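The values are calculated or read from the model by the stated rules, or taken from the named source; none is laboratory data. Nothing here was measured: the structure is a model prediction, and the numbers come from that model. Here Cβ is always computed from backbone atoms with ideal geometry, including for glycine, and neighbour counts include all displayed protein chains.
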Amino acid sequence: MEQALKDELFFWKKRHGNALPKEYTQIKGITFGANTYYEITGFKLTGADTLRFSFSATKACNVLGCYTTTDATTNYSLYVTTTSGNYMRYDGGTASSKITVNQRYDVIMFPTGAIGLGSQVSWTQKEFTAVSDLCIGTTSTTASSSKLDGKLFGNIKVDGKLLLIPCVRNSDDEVGYYDAIGKKFYEPTGSTPTPITT
């Protein structure tokens with residue numbers, strides 16, 4: 001998966017020039033400490049979207065997505081559990097989200113299912129647009145469950161719409177994500193996250 005992300009960035013640069021402006025330095029990922037998240041303001045996942053990301057977690061917690069309520073039919077999000085439970089959400093349905101702590105998972109959630117968390121799961125594609133903005137490190141700005149305690153590795157991608165590159169803003173060492181498609185830098189909310197550099 002890491003090589004695939006490098007290849008993706010290489011071909012992006014060939015088509016569009018340098019993905020990151022010179023004001024930013026790319027890093028390998030971001031370590032979250034259960035009190036940080038990023039809100040991708042104005043960006044809402046739809047039922048037709050494919051979401052790609054890699055993570056590890058140290059406990060049961062939110063990872064990312066757009067979540068409203070447990071019975072909402074506009075959810076597209078992931079909360080992971082260390083015991084058992086179905087908290088991978090698409091529309092009004094759920095799928096298993098059990099993980100082993102500190103293990104890396106390379107996940108793809110798409111309109112008809114998901115791979116990367118144990119066995120492949122499937123669902124029926126639905127037509128919807130999330131109510132909440134996409135959040136990284138949590139599933140909603142109002143979520144009561146724990147924010148991500150763990151790491152997000154490499155880029156976070158919504159095919160054709162969003163390419164979030166983990167980076168440091170050189171002017172002030174702020175750790176964040178730069179959207180190579182929307183040309184915007186996103187700062188964290190909460191405490192300062194830690195860059196993954198090796």
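Would you check if Thr141 is surrounded by fewer than 19 Cβ atoms within 10 Å (Cβ to Cβ) and over 17 Å from the mean Cα position of the chain (by Cα)?
no
Select from segment 182-193 the residues that are farther than 30 Å from Ala48 by Cα and surrounded by 15 or more Cβ atoms within 10 Å (Cβ to Cβ) and write down the one among them that is nearest to the chain's Cα centre (by Cα).
For segment 182-193, the residue satisfying everything is Pro193.
Could you please give the count of residues in segment 43-68 that are touching a strand residue (DSSP E or B) at 6+ places or on another chain (Cβ under 8 Å) and assigned to a loop (DSSP other than H, G, I, E, B)?
The initial filter retains those residues of segment 43-68 that are touching a strand residue (DSSP E or B) at 6+ places or on another chain (Cβ under 8 Å), namely 43-47, 49-68.
Among the residues that remain, those that are also assigned to a loop (DSSP other than H, G, I, E, B) are: 43-45, 47, 49-50, 58-60, 67-68.
Number satisfying all stated conditions: 11.
What do you reckon, is Gly154 touching a helix residue (DSSP H, G or I) at 6+ places or on another chain (Cβ under 7 Å), at pLDDT 95 or above and part of a strand (DSSP E or B)?
yes
Mind telling me which of the residues Tyr87, Tyr76, Tyr67 ends up being surrounded by 15 or more Cβ atoms within 10 Å (Cβ to Cβ) and free of Cβ contacts under 8 Å to residues at least 40 places away in the same chain?
Tyr87
In segment 173-198, which residues are in a loop (DSSP other than H, G, I, E, B) and either at positive phi or of a type in the set (Phe, Trp, Tyr) (or both)? Quick ask: steps written out before the conclusion?
If we filter segment 173-198 for residues that are in a loop (DSSP other than H, G, I, E, B), which is where we start, we get 173, 180-183, 187-188, 191-193, 197-198.
Selection gives Asp173, Lys183.
Just give me the residues in segment 82-121 being in contact with a Ser or Thr (Cβ under 6 Å, 6 or more places away or on another chain) and in a strand (DSSP E or B), in sequence order.
Met88, Arg89, Asp91, Lys98, Asp106, Phe110, Gly113, listed by residue number.
Which members of segment 107-138 meet the condition of being without any contact (Cβ under 8 Å) to a residue 12 or more places away in the chain and under 16 Å from the mean Cα position of the chain (by Cα)?
Within segment 107-138, Ile115, Gly116 qualify.
Given Asp159, Asp172, Asp179, which one is of a type in the set (D, E, K, R), surrounded by fewer than 17 Cβ atoms within 10 Å (Cβ to Cβ) and in contact (Cβ under 8 Å) with a residue 12 or more places away in the chain?
Within the list Asp159, Asp172, Asp179, the selection yields Asp159.
Could you go through segment 33-42 and let me know if any residue there is assigned to a loop (DSSP other than H, G, I, E, B), exposed (fewer than 15 other Cβ atoms within 10 Å of the Cβ) and within 16 Å of the chain's Cα centre (by Cα).
Looking only at segment 33-42, we keep the residues that are assigned to a loop (DSSP other than H, G, I, E, B), and these are 34-35, 41-42.
Cutting the leftovers down to exposed (fewer than 15 other Cβ atoms within 10 Å of the Cβ) gives us 41-42.
Applying the additional criterion that residues be within 16 Å of the chain's Cα centre (by Cα) yields 41-42.
Yes - at least one qualifying residue is present in segment 33-42.
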